[in-house]
Each structure stands twice: as structure tokens, then as C-alpha cells.
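Taking it in order: structure first as C-alpha cells, then the write-up.
The values are calculated or read from the model by the stated rules, or taken from the named source; none is laboratory data. Keep in mind that this is a model prediction, so the values were computed, not measured. Cβ: placed from backbone, ideal geometry, glycine included. Neighbour counts: every protein chain shown.
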4 protein chains.
Amino acid sequence: MKQEKTEHGSSAQPVVKPAHISDTDSHRLPEVRASRGTDPRQVRSAAALRQALLDLLTEKAFDQITVREICARAGVHNATFFRHHADKEALLNHVAQDEIDRLVAISFAHGYSHKGFLALCDYVAARRILWRALLTGGAGGAMREELMQLSMALAAEYSDYPTWLPQELSVICSTTLIVETLSWWLKQDEGEYSSEAVADIMHELVESAVIAPRRPRAGD
Amino acid sequence: MKQEKTEHGSSAQPVVKPAHISDTDSHRLPEVRASRGTDPRQVRSAAALRQALLDLLTEKAFDQITVREICARAGVHNATFFRHHADKEALLNHVAQDEIDRLVAISFAHGYSHKGFLALCDYVAARRILWRALLTGGAGGAMREELMQLSMALAAEYSDYPTWLPQELSVICSTTLIVETLSWWLKQDEGEYSSEAVADIMHELVESAVIAPRRPRAGD
Amino acid sequence: MKQEKTEHGSSAQPVVKPAHISDTDSHRLPEVRASRGTDPRQVRSAAALRQALLDLLTEKAFDQITVREICARAGVHNATFFRHHADKEALLNHVAQDEIDRLVAISFAHGYSHKGFLALCDYVAARRILWRALLTGGAGGAMREELMQLSMALAAEYSDYPTWLPQELSVICSTTLIVETLSWWLKQDEGEYSSEAVADIMHELVESAVIAPRRPRAGD
Amino acid sequence: MKQEKTEHGSSAQPVVKPAHISDTDSHRLPEVRASRGTDPRQVRSAAALRQALLDLLTEKAFDQITVREICARAGVHNATFFRHHADKEALLNHVAQDEIDRLVAISFAHGYSHKGFLALCDYVAARRILWRALLTGGAGGAMREELMQLSMALAAEYSDYPTWLPQELSVICSTTLIVETLSWWLKQDEGEYSSEAVADIMHELVESAVIAPRRPRAGD
DNA sequence: CTCTAATCGAGACGGTACGTCGCGTCTTACG
DNA sequence: CGTAAGACGCGACGTACCGTCTCGATTAGAG
């Protein structure tokens, strides 16, 4: 079973991959596989690959992109790619993981507060191009999956915030709202909406949708 | 450029495909492609393929599924698949399109009212297995894309409902909330939540998040 | 093993084909398979097919020709073809067999005499178009094979004519020379060479090459 | 128009093919296609394929042979075949071309002399198995075509030898006689006829059939 | 002049081979 | 060691033709 290794399937383990590699083999992923090497060539290759992927993501869907295409763009040989990453997906993860981690960290550092959302928006705004590639480019689906999983994990520890929704659904909804809002924002022209405005929107959305106590209603 | 033809890329034209029919050998899709034929064989093949896909979707991600796998499962020859559908994606569309259309129709038939959501939930509940396959199975990403696109299109005509959000974002958020809630629901054990309960949730979510006028708040 | 059923392989049984057909089946080759039917429809179809093949043979090689192509040209349905002939090859045989038989008959009716060659050339000239299609068109290889086989068979009975060559080789050479000369002739503009001239050539060729007693030579 | 690409059709361009090389994945023929690579793997694959074809040619007709069959026999992957050769035909050409070239060279090095024919026969005898496969195996038709074409080309330069036949026909006849004699010879048990004997036969055949001045005859 | 049976048109289908494409591995040689 | 270069195994793809198989709709030609 080879094929496409999609990103949103149930099989979407975030990163690692089983490794199934006899380390008797010399030219193989050198430890943590993720650019721990300090060899300048390694660094250059890794950077080139990352950038190439981001470039391409602005042009086409993630899975329309070929490993060899990335390599060509990066000016790097095919085989070299696989010395750095097990997969197209792995590269995407490497590109995205840190960003996501930091993003999530920032978001949760302040709880579901306006300050938190503002920090988040500022952070994303500062890396607008990268995030635009990641979210609105071809990797959108994968990124959402990824963010969702992390959010679920984090939320498991945070599980005591108030919500009128079933716990799990509340996480889904808030994450989804945040991500969609971000995606929407990044599709707008820059400057159209300020970080503050978007943070406001996010805050309001999450607050009113997920957290706010159910308003009594007469029906509709 | 062949490759994966993923489902969530920018290239995800909903359905049609040019059809480029040429010769006489039945070797190309028979006009409208969608079961216009009354030939019993054709009907049987088409049904078998549809069902096979749904079966497989409960087991693995959409793009881990092979055309040949579908055929094997359907007891239909490889070539026959392509006489019916141009693609794996095309088959998915055929399977999903009617459902989606009806779903959207129902949803919009009542506007964003509780009655509408209830109809929607009832409809999905009645076809729980199918929809579970579509939404929580491997085709989830594609389905969301599809639904989003249709919603956007429909919303363009409906553009006068009240929302405190930018128009476009409001559509995104409401669609997203509905779809995510549905997905979540279908992952629960059957009977865990009633259609009414879920309709309530949806209604409340959309109402409070998207439509409700911004409540004055003291801040946080 | 399906594929191409070439004509010059060891598997090139002249005509018949094993039949392997349960005659419980109604729509199947109606007896001798060869147009014994007097039904005008049948006759029309058969004629159309024959002609279509000949047409096409003037344009392309025999095995570049598709059954469905023949049918299209003949204005006859695909299935109908197979009601008449088991194969593309079978059709070719039907088209060619009578001709070949008659040709060989004529040729051998007079032995290797000038009169025999003249009769042969006259006969071919009278059916120039047909024979051009058969020999210089795409079926050339097959026809040569066919002729060779028949010649060998006939020669087995005739085995007492004088030749300085090994018996078998003499048949090969004479047949080959005749056929090649015919082919060459049919490629020339009509009227360029008369039947008599070509008969002369043939006679001379066969006579001097195959039959004539070895001349004493001084060497070369 | 795909299909069979037979070997004796009018479309039998000797070798080249446009080459339409484009991308970097070695997925297209490496320039001159003919074993220019020194990579041991490439060499091994190429050799294996050649040999596999020759093996199979002793067993069945050329166009009954499948590319995948050749690959299986050669222990080489399907795709690899096409990295080396565009076609089954291309492989055959590669196998045959050198041989033919050398053969023709030898033959013409001495003109139509006895010495020339002897050299030719010796050469073929030394490679009896290969030539048997090529001439009497399934590729016979193609080989004859090929040889005929080359002979015609060469003869165009040599056009001043004496013959009582029309120039073109003389080339056809002599080539045909030589090839048929060779084929016949290779079908005999080895040692049945010596190279000298066969060279004699050839010489005599060509001499008396094509070159010798027309003997005055009384008629028959 | 029907009525019955053969023939045909239409076209879906199973089947086999094709030639292409992208992935990930591996070998060789270089710096 | 890390790379470039690129052949290779692998396996899915989508196409092309083949010959078979319903189905009707005609259309003979025999009663």
C-alpha cells in the first residue's frame, strides 16, 4: 500500500513514521531526521527544500506537488530529499510543525482570552506569507487536521473551561472557527483587516458559539 | 501532471469534466454519465461501484483507495470503471453529489431555522451509514470542500440574512459549524444524541455565532 | 494469449480455427461461417466487410487495422463482424483464399511454363486493384506466407521437376521470386510493363535460377 | 492509433523515433538509447532484455511476445523496459541492427562475389543461434523488411552492376534470394550444409537469376 | 400476407496488454 | 560523510482493442 499518503485520513500520524530502517545502512536519516545536522550542506539543502515546498504551495495543491518537483525547485537531488524527509508529508510537517506548535502555545498561553487571540493574530500576521501558503495553499486540509489533533490533545488537559456543548464538540468548534477565520483573513488583501479586528472576531465567535451560556430563547 | 488528483485542491471542480467523448466503443462515458442508461448491466455495475466505494471508505482514507480495489470489491472489471467514471474522484462525486444537493436543498428550504436544521439532521440520520462514510470516512476533506463550495454559491443568492460578520466569513463559519457538528455526531454511537438535540445544537451554534447581534460585553 | 495473432508466425494455420463453439448458441457462425447464407442482409454485410478491408489495406498495414475500423468503414456493427468471421485474419483469408487458390491453380495448370506464367500475370492484371491491395498493401507478409505454404504443399506432389537446388529450397526460391516479381509489378504504374513482359521475366527468373542446370563457370 | 505496430508494415521506420525526451526522472530514453551508459546496472538490464527477446523468439512469433513477458524473462521490471526502449519493435531493432549492419557491410565489402557470399555465410554461421532466432523465429518478417530496405539503400549507390532486370527488381530479387537461402539454411540441422556450399548456392542463384545475361533460348 | 426466425444495431462488459507516472531505494563517483 | 546523477523496482494509472453478451428492432421468406 503505497500511493498517496493523504493527510486527512485516519492514518495521519503527525510525524514520525515507524523507521523500519536497518541502521546498518550508512546513508540514512541521521538521527532525528529533522535537520539536526550542522553540516552546512545539510542546512542548505534542508532550507532549500522547505522554501521550495512553500513556493509550490502557493501555486498548486499539496498533493499535486511532486517530490521531484520540489527537488527541482530547490536545486537539490531527488535522493537528497529522502535523506532529509521520509515523505512529502514529512517535509510538510517539518515546515509546519514548529509554526503550529508555537501558534498553539501562544494561543493557549492566554487561554481563550482576547489577549490570546490577539497574540495569535499578531504572530500569524508577522508570518503572513508562510501561513498563507500553509492554510490557504494546497496544504490546507492537512494543516486543519494537524491543528485539530493538537488542539484536541491540548484541550484534554484544559478540559475545565465552561461550555454548553459536549466537551469534544466544543474543541472541534472552537478550533475550526479559529482556523477558518484565519484562513479567510489570509485570503483577504493585506491590511484589509487588522490583527485586532480579527482577534475580536475570533474571540467573539468562540465566546458566543462555544463558551457563552445558552441564552434562553422563545424558539424561533 | 497526473498523480493524485486530490480532493481538496483548488482544482476541485465539483463535477462535470469535459466528457471528450469520441469513439463508438462504449469506451467513453455514455453522455450524462450518471446512470442515464436503462441497461440493466450498466445499472448493476454503477450500483456495485458506488457501494464498493462506500464500503472501502469505511475502512480507509479515500486516497488510499485504488481504482482497482474498488473494482475488485464491486466485482467489476477495471476497464468498466473508466467507462462509467473518469476518475476515482468522479465516482466520489457521483456518489456524493445527489446527497449533497438534497442536503443543501433541505437545509436551505427552511432558511437558518430550527425546522431546517431538524430536517437536515433527520435526513442525515436516515442515511447515517452513507453519511458516516462520506463525512468521517476518508472522503471527509473532499466533502467539506464540496459542501463549502455549494454553500458559498447558495449563500450568494441568500445574501441578505443578518450577521455581524463579514458576509463571506459568515458563510464559512456557519457551513463549517454545521459540517463539523454533523461529523462529530456521526462519530458518536447511534442514539447517543437525537436528531432534535443535534438540530438544537446546530441552530444554537449558528444563531449565536454568526447571526446574533453582537452582545455588549464588559470585556474580559 | 490473445494479442495480435500475427500472420507469419508458426501459429499461422491457414484458415479454419478450432471452432470451440457450443452450437447450442443461436447467434453463431451459421455453418461454414463463410457466407453460405443467401439472406440478402448477410450477403450485403459480408461484401461490405470484404470491401472495407481492401480499402483499408491500401492505406495501412494489415495489423494496424482495427476490427472496429473495418466495421465502421463497412457501415456494419462490431458484433456483426464476428458473426461472419472469427478474426481479422479470418476475414483476410476469406478475401484472399479464393484468389490465392485460383492463382495457384492457374500457375500450376501449366507447370513452370511460359504459358503458365502468362496466365498467372493475366489473371493478376485483371484483378490488379485487389492484388495490389493484397500484395503491396499491409497484408503482404501474410500473403507471402500463405502463398509459400500452398506452394510447398503443391510442390510436394510435383516433386519431380528438375532443379540443381535442394528440393525444398527450390520451392522457396521459385515462389519467392514469383511473388516478389508480382509485388514489384503491381507497384509500378499500370501499363508500364505488360503481362507478357512480366511473364517473361518470371519465367526467365525461375528457369535460370532454379531449374537450369548449373552452368560450368570459370569462377568469378 | 496504437495497437500492434507490426514489423512488416509500411510504417516500419528502421530505428530512430523522435526521442521526445523531457524530464529528469530517467523516465525517458537516455539519449542514444543504445547502451551508451556505462552504469553496470544499465548494461545488465539491457543485456538481459536482449537475451530474453532472443530466447522468446525461438519459442514464438515476435508479436505473440509481450513486453511484460520479455521483462519477466529478463528479470527486469516492466517500467525499466520502457526506459530502455520505446517499443517491442525498438528492442528488436537494437538487437538486430548491429547484426544487420555488419552483415550488409560484409556482403557488400566484396561485391556480389563468391568471396562476399562466403564471408557472409561464415559470419552467420558463427552466430547461428542468433540469426536463427532473427530469421526463422518470429521476427522473420520484420528482418526481411529491414534487410530489404537496407539493401535497397545500398544498392542505390551500387547501381552500376550488370543485370538484365529492371534495376529495382534486381535488388529485390537478389536480396530476397539471399535472405531466403539463409533462412532455409538455418532451418536445416547444423552441419548439413557447409558455409562454402551455401555460399556457392547463393552465388549461383544471384548470378544466374539476376546478373547473368539472358541466355538465348528456343522457348519452351 | 401474415408470422416466425434469422440478422442486425446498439453498446455494456470482461479481459489482456499497453505505455506512463510518481515514489522511494540503491549504486557510483565526487568533494 | 553529504551530494549529484540517475538506474531501478514497484505498483497504480488510464487507454486501446479484442471478442462476448444481452437486448430490442428489423426484415426476410415460408406457410
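Considering only the stretch B:101-129, state which residues are in a helix (DSSP H, G or I) and among the small types (Gly, Ala, Ser).
Answer for the stretch B:101-129, where residues must be in a helix (DSSP H, G or I) and among the small types (Gly, Ala, Ser): B:Ala105, B:Ser107, B:Ala109, B:Gly116, B:Ala119, B:Ala125, B:Ala126.
Is it true that A:Asp63 is more than 14 Å from chain B (Cβ to nearest Cβ) and either more than 13 Å from DNA strand F (Cβ to nearest atom) or among the charged types (D, E, K, R) (or both)?
No.
Got a number for residues in the stretch B:116-134 being within 14 Å of chain A (Cβ to nearest Cβ) and either among the aromatic types (Phe, Trp, Tyr) or within 11 Å of the chain's Cα centre (by Cα) (or both)?
The total comes to 4.
Using the structure shown, decide if A:Val198 is crowded, with 23+ Cβ neighbours inside 10 Å, more than 25 Å from A:Gln64 (Cβ to Cβ), at pLDDT 80 or above and touching a Phe, Trp or Tyr at 6+ places or on another chain (Cβ under 8 Å).
Yes: the conditions hold for A:Val198.
Condition first: within 9 Å of another protein chain (Cβ to nearest Cβ), without any contact (Cβ under 8 Å) to a residue 12 or more places away in the chain and either among the acidic types (Asp, Glu) or touching a strand residue (DSSP E or B) at 6+ places or on another chain (Cβ under 7 Å) (or both). Can you find one or more residues in the stretch D:174-190 that meet it?
Yes: the stretch D:174-190 contains one or more residues that are within 9 Å of another protein chain (Cβ to nearest Cβ), without any contact (Cβ under 8 Å) to a residue 12 or more places away in the chain and either among the acidic types (Asp, Glu) or touching a strand residue (DSSP E or B) at 6+ places or on another chain (Cβ under 7 Å) (or both).
Which residue out of C:Gly111, C:Gly140 is out of contact with any helix residue (DSSP H, G or I) (no Cβ under 9 Å at 6 or more places or on another chain) and among the small types (Gly, Ala, Ser)?
Matching residue, one of C:Gly111, C:Gly140: C:Gly111.
Only one of (1) of a type in the set (Asp, Glu); (2) surrounded by fewer than 21 Cβ atoms within 10 Å (Cβ to Cβ); (3) within 11 Å of DNA strand E (Cβ to nearest atom) is not met by D:Asp55, so which one is it?
(3)
Could you give every pair whose Cβ atoms fall below 9 Å, whose first residue belongs to the stretch C:61-89 and is near DNA strand E (Cβ under 10 Å from one of its atoms), and whose second residue is of a type in the set (Phe, Trp, Tyr), counting only separations of at least 6 or pairs across chains?
Close Cβ pairs satisfying both conditions: C:Arg68/C:Phe81; C:Cys71/C:Phe81; C:Ala74/C:Phe81.
Of the residues in the stretch C:35-74, how many are among the hydroxyl-bearing types (Ser, Thr, Tyr), closer than 16 Å to C:His94 by Cα and within 17 Å of the chain's Cα centre (by Cα)?
Looking only at that region, the number is 0.
Please find, within the stretch A:81-109, the residue that is farthest from the chain's Cα centre (by Cα) out of those that are more than 22 Å from A:Gln64 (Cβ to Cβ) and β-branched (Val, Ile, Thr).
Selected residue: A:Ile106.
If you go through the stretch C:101-114 one residue at a time, do you hit one that is crowded, with 19+ Cβ neighbours inside 10 Å and at pLDDT 90 or above?
no
Scan the stretch A:178-185 and give yes if some residue there is farther than 30 Å from B:Ser113 by Cβ and either among the polar types (S, T, N, Q) or buried (at least 17 other Cβ atoms within 10 Å of the Cβ) (or both), otherwise no.
no
Using the structure shown, decide if D:Val210 is within 14 Å of chain C (Cβ to nearest Cβ), buried (at least 20 other Cβ atoms within 10 Å of the Cβ), in a helix (DSSP H, G or I) and touching a residue at least 24 places away in the same chain (Cβ under 8 Å).
So D:Val210 passes the test.
For the stretch C:74-92, does any single residue satisfy the condition of being assigned to a helix (DSSP H, G or I), surrounded by fewer than 13 Cβ atoms within 10 Å (Cβ to Cβ) and at pLDDT 50 or above?
There is at least one residue in the stretch C:74-92 that is assigned to a helix (DSSP H, G or I), surrounded by fewer than 13 Cβ atoms within 10 Å (Cβ to Cβ) and at pLDDT 50 or above.
Considering only residues of the stretch B:34-52 that are farther than 19 Å from B:Arg132 by Cβ and surrounded by 19 or more Cβ atoms within 10 Å (Cβ to Cβ), which is farthest from DNA strand E (Cβ to nearest atom)?
Filtering first and then ranking leaves B:Leu49.
Kindly provide the set of residues from the stretch A:130-188 that are in a helix (DSSP H, G or I) and of a type in the set (Ser, Thr, Tyr), ordered by number.
A:Thr136, A:Ser151, A:Ser170, A:Ser174, A:Thr175, A:Thr176, A:Thr181, A:Ser183, listed by residue number.
If you take the residues of the stretch A:135-152 that are within 14 Å of chain B (Cβ to nearest Cβ) and of a type in the set (A, V, I, L, M), which of them is farthest from A:Val171 (Cα to Cα)?
A:Ala139
If only one of C:Ser113, C:Ser107 is away from DNA strand F (no atom under 12 Å from the Cβ), in contact (Cβ under 8 Å) with a residue 24 or more places away in the chain and within 14 Å of chain D (Cβ to nearest Cβ), which one is it?
C:Ser113
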